[in-house]
Amino acid sequence: MISIIVAMAKNRVIGKNGQLPWELSSDLLRFKQLTMGHTLLMGRRTFESIGQPLPGRRTIVLSRDPEYSAAGCDVSSDIKLGLLLADSATDLFICGGAEIYRQAFSLVERIYLTELEDEIEGDVFFPELSLREFQLIHTEQCKDTINYRFSILQRELSVESNYEEI
Ligand SMILES: NC(=O)c1ccc[n+]([C@@H]2O[C@H](COP(=O)([O-])OP(=O)(O)OC[C@H]3O[C@@H](n4cnc5c(N)ncnc54)[C@H](OP(=O)(O)O)[C@@H]3O)[C@@H](O)[C@H]2O)c1
């Protein structure tokens, strides 16, 4: 299973100055629980914002620099090769940033989506993607420093989506 996992503000912001522009401990805990034991694919800037491979998970970092290396991670200079590096025995989570979400979107079967109630200042935005082929299979309202909605969307080609666009 290939999934996107993302947290975005009401105005679609996902990052600011190379970091997450909020602290949501409940959402980070959910990220850890969902991804533990699986494989993460992320862009070089997202990897550098985390600073190290996350324990218990394999990390594939994308960089167009053929010299780039990241201790404890696999590195690929091509997103298709990066996807091929992933072991089909584990789930693959597309962890951003913006262009990686866009480039991998056609292959994604599931989206784990955190939507903050507030608009947040930032400089990286989740791309506008058509979710017509996705069905909402789970949603819950969550309280934290910023309240948010957590949803799971599943690609189902034959079923009309509850989400028109996000
Ligand atoms: N809220 C969330 O859920 C979330 C999730 C992820 C990230 N973020 C935030 O988003 C920001 C980082 O995202 P970003 O969009 O700026 O950068 P990013 O996607 O993490 O990294 C961009 C880099 O990835 C490499 N890359 C992109 N496409 C590639 C391809 N097709 N093949 C090979 N390499 C490729 C390039 O690296 P080189 O420059 O080395 O060639 C590119 O500069 C941070 O603020 C982070 O905290 C938020």
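The values are calculated or read from the model by the stated rules, or taken from the named source; none is laboratory data. Just so it is clear, the structure is predicted and the values come from calculations on it, not from any experiment. FYI the Cβ positions are ideal-geometry reconstructions off the backbone, even for glycines, and counts take in every protein chain you see.
For the range 1-49, what are the residues that are small (Gly, Ala, Ser) and out of contact with any helix residue (DSSP H, G or I) (no Cβ under 8 Å at 6 or more places or on another chain)?
3, 9, 25, 26, 37, 49 - these are the residues of the range 1-49 that are small (Gly, Ala, Ser) and out of contact with any helix residue (DSSP H, G or I) (no Cβ under 8 Å at 6 or more places or on another chain).
Of 166, 111, 137, which residue is touching a strand residue (DSSP E or B) at 6+ places or on another chain (Cβ under 8 Å), closer than 20 Å to residue 9 by Cα, at pLDDT 95 or above and not small (Gly, Ala, Ser)?
Checking each option against the conditions leaves just 111.
What number of residues within the range 128-144 satisfy the criterion of being surrounded by 14 or more Cβ atoms within 10 Å (Cβ to Cβ), within 15 Å of the ligand (Cβ to nearest atom) and under 18 Å from the mean Cα position of the chain (by Cα)?
Residues in the range 128-144 being surrounded by 14 or more Cβ atoms within 10 Å (Cβ to Cβ), within 15 Å of the ligand (Cβ to nearest atom) and under 18 Å from the mean Cα position of the chain (by Cα): 1 in total.
Quick test of your reading of the structure: residue 122 fulfils all but one of (1) near the ligand (Cβ under 8 Å from one of its atoms); (2) assigned to a loop (DSSP other than H, G, I, E, B); (3) over 21 Å from residue 25 (Cα atoms). Name the failing condition by number.
With respect to (1) near the ligand (Cβ under 8 Å from one of its atoms); (2) assigned to a loop (DSSP other than H, G, I, E, B); (3) over 21 Å from residue 25 (Cα atoms), residue 122 is out only on (3).
Would you point out the residue of the range 146-160, among those that are within 20 Å of the chain's Cα centre (by Cα) and part of a loop (DSSP other than H, G, I, E, B), that is modelled with the lowest pLDDT?
Within the range 146-160, the match that is modelled with the lowest pLDDT is 156.
Do you know which residues across the range 60-105 are touching a residue at least 12 places away in the same chain (Cβ under 8 Å), away from the ligand (no atom under 11 Å from the Cβ), over 13 Å from the mean Cα position of the chain (by Cα) and not in a loop (DSSP other than H, G, I, E, B)?
Scanning the range 60-105 gives 74, 85.
Only one of (1) within 15 Å of the ligand (Cβ to nearest atom); (2) exposed (fewer than 13 other Cβ atoms within 10 Å of the Cβ); (3) without any contact (Cβ under 8 Å) to a residue 60 or more places away in the chain; (4) farther than 30 Å from residue 64 by Cα fails for residue 151. Which number is that?
(2)
For the subset of the range 9-42 comprising residues that are in a strand (DSSP E or B) and in contact with a Gly (Cβ under 8 Å, 6 or more places away or on another chain), which member is surrounded by the most Cβ atoms within 10 Å (Cβ to Cβ)?
41
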